[in-house]
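Enquirer: Following this message is one structure expressed as structure tokens.
The values are calculated or read from the model by the stated rules, or taken from the named source; none is laboratory data. All values reported here derive from a predicted model rather than from experimental measurement. Note that each Cβ is placed from the backbone with ideal geometry, even for glycine, and that neighbours are counted across all protein chains shown. Ligands, DNA and RNA are excluded from the accessible area calculation, which covers all protein heavy atoms including side chains. Shrake-Rupley method; radii C 1.70, N 1.55, O 1.52, S 1.80 Å.
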Amino acid sequence: MTTTPQVNPVLRTPPASPAAAAAYFSASLAFHADVSDVASVLAASAAGGADPGFVLVDTRSTAAWDQGHVPGAVHLPTGLVPERAGELLDRSVPVVTYCWGPGCNGATRAALALAERGFQVKEMLGGFEYWVREGFAYETWEGPAEKAADPLTAPVGTGDCGC
């Protein structure tokens, strides 16, 4: 009886060359920002009265914005980017977009619309969902809110995940 050799599903497609991997991951970092990095910069800039160097844009509907949003974010729903971006945003300031979370591509669509209009833009990975799940304060139509960090998304007892 002959047996068919098992194919390693992880290596069925071989890894990219180190140079190709470096180019890919470098490009990924040019397009994406991490929730905790955004929170860290916003907190430091607020504490020191400094400009964070970017504007954070919530691309969700008004109902979603009222349900909760990142403090200091600009509200610009994805569908309104073509008509309102020029009046709300400065093309010389990089933009970081966010939407609901990993299951939503509204921030990606908004980032595309902004880039097509001449804005430098990144997308905040994890969106509002991970902002809340990582324990960062947010605002609702009723006022400030905050939840404990989810131990599956953020370290408990420290703000530094080490990554």
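Enquirer: Going residue by residue through region 57-67, is there one that turns out to be touching a strand residue (DSSP E or B) at 6+ places or on another chain (Cβ under 6 Å) and over 15 Å from Glu123 (Cβ atoms)?
Expert: yes
Enquirer: Follow-up. Search region 53-73 for residues that are surrounded by fewer than 18 Cβ atoms within 10 Å (Cβ to Cβ) and pair each with any residue that is part of a strand (DSSP E or B) and among the charged types (D, E, K, R) when their beta-carbon atoms are under 6 Å apart and the residues are at least 6 apart or on different chains.
Expert: Pro71/Glu139
Enquirer: Something else: Sort out which residues of region 14-45 are assigned to a loop (DSSP other than H, G, I, E, B) and not hydroxyl-bearing (Ser, Thr, Tyr), and write them in order of number.
Expert: Pro14, Pro15, Ala16, listed by residue number.
Enquirer: Among the candidates Asp66, Asp90, which residue alone is within 24 Å of Ala44 (Cβ to Cβ) and not aromatic (Phe, Trp, Tyr)?
Expert: Asp90
Enquirer: Just give me the residues in region 12-39 being more than 10 Å from the chain's Cα centre (by Cα), closer than 25 Å to Gln120 by Cβ and of a type in the set (Ser, Thr, Tyr), in sequence order.
Expert: Listed by number, the residues that qualify are Tyr24, Ser26, Ser28.
Enquirer: What do you reckon, is Ser92 at pLDDT 95 or above, of a type outside the set (A, V, I, L, M) and either in contact with a helix residue (DSSP H, G or I) (Cβ under 6 Å, 6 or more places away or on another chain) or open to solvent by 70 Å² or more (accessible area, probe 1.4 Å) (or both)?
Expert: yes
Enquirer: Same structure, new question: Go through the residues of region 144-152 one by one and say whether even a single one is over 22 Å from Phe31 (Cα atoms) and among the basic types (Lys, Arg).
Expert: yes
Enquirer: Still on this structure, please answer the following. Please determine, by comparing only the residues of region 24-52 that are open to solvent by less than 70 Å² (accessible area, probe 1.4 Å) and in contact with an Asp or Glu (Cβ under 8 Å, 6 or more places away or on another chain), which one is nearest to Leu112 (Cα to Cα).
Expert: Step by step, filter region 24-52, then rank; the result is His32.
Enquirer: Moving on. Search region 119-136 for residues being out of contact with any Lys or Arg (no Cβ under 7 Å at 6 or more places or on another chain) and over 19 Å from Ala64 (Cβ atoms), and hand back the single one that is most open to solvent (accessible area, probe 1.4 Å).
Expert: Among those residues, the one meeting the criterion is Gln120.
Enquirer: Which of the residues belonging to region 97-118 are among the hydrophobic types (A, V, I, L, M, F, W, C) and surrounded by 23 or more Cβ atoms within 10 Å (Cβ to Cβ)?
Expert: Scanning region 97-118 gives Cys99, Ala107, Ala110, Ala111, Leu114.
Enquirer: Let me ask something else. Of all the strands (runs of 3 or more DSSP E) wholly in region 60-155, which have at least 1 residues that are of a type in the set (Ser, Thr, Tyr) and within 12 Å of the chain's Cα centre (by Cα)?
Expert: In region 60-155, the matching strands (runs of 3 or more DSSP E) lie at 95-98.
Condition check ((1) in contact with a strand residue (DSSP E or B) (Cβ under 6 Å, 6 or more places away or on another chain); (2) farther than 17 Å from Val35 by Cα; (3) hydroxyl-bearing (Ser, Thr, Tyr)) across all residues:
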{"site": "Gly103", "(1), (2), (3)": "no, no, no"}
{"site": "Arg117", "(1), (2), (3)": "no, yes, no"}
{"site": "Gln120", "(1), (2), (3)": "no, yes, no"}
{"site": "Tyr130", "(1), (2), (3)": "no, no, yes"}
{"site": "Gly135", "(1), (2), (3)": "no, no, no"}
{"site": "Trp141", "(1), (2), (3)": "no, yes, no"}
